[in-house]
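What follows is a set of notes on a single structure, which appears directly below.
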Amino acid sequence: MVKKSSSKRVELHRLAHYAFFVGLLVAILAGFFRNVVSAEFLIAALVLLGFVVGLFNLTAKETVPFLVASIALMLAGIVNLGLIPVVGEYLRSILVNIVVFVVPAAVIVALKTIWKLASA
């Protein structure tokens, strides 16, 4: 019985692992082709993938580094990369997409961490 539960947990972790890479790939590709993809669809897809990553991908050991990296990405999003000639707008679009992807995961991880701290 325990083996089945453990196997299901591994499958969910693997699904979330793939969701992370798909989310990054979508965020980067959509940054290069920003006029091709519908903004509403892109945001919905990135937020959904972010929730999946936040719910199932991180272990307790990875929580703090993930939250710190998420904060760093959010702060980096403030920088006006559009001022860089030629590639600036692409970099800005990619960073915005990555932030849209990471923020839902960070919120879920932060809430899970607060819940664990409150339950202890």
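Here are the numbers for this structure:
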item	result
Of the DSSP H helices in the chain, those whose Cα atoms cover at least 27 Å axially and whose Kyte score averages 1.0 or more	88-119
Simple spin-label estimate for HIS17 and ALA44 in nanometres, 7 Å along Cα-Cβ	3.0 nm
The chain - mean residue ellipticity at 222 nm from DSSP helices (-39,500 (n - 2.57) per run, n ≥ 4, rounded to 500)	-29000 deg cm²/dmol
Formal net charge of residues neighbouring ASN57 (Cβ-Cβ distance under 14 Å; K, R +1; D, E -1)	+2
Packing-based exposure ordering (other Cβ within 10 Å, fewest first) of GLU89, GLU62	GLU62, GLU89
Equivalent ellipsoid dimensions for the chain as semi-axes, Å, which come from the Cα gyration tensor, largest first	30, 17, 10
Partners for LYS112 among aspartates and glutamates (Cα-Cα distance below 18 Å; same-chain residues under 8 apart left out)	GLU62
Virtual paramagnetic centre 7 Å along Cα→Cβ of LEU117, amide N under 13 Å, in region 42-77	64, 67-68
Distance between modelled label sites at ALA69 and SER7, nm, 7 Å Cα→Cβ extension	3.1 nm
For peptides 106-114, 44-52, sequence by mean Cβ density within 10 Å, most packed first	44-52, 106-114
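Readers should treat all values here as calculations from the given coordinates under stated rules, not as data from a laboratory. All values reported here derive from a predicted model rather than from experimental measurement. Positions of Cβ are backbone-derived with ideal geometry, glycine not excepted, and every protein chain shown enters the neighbour counts.
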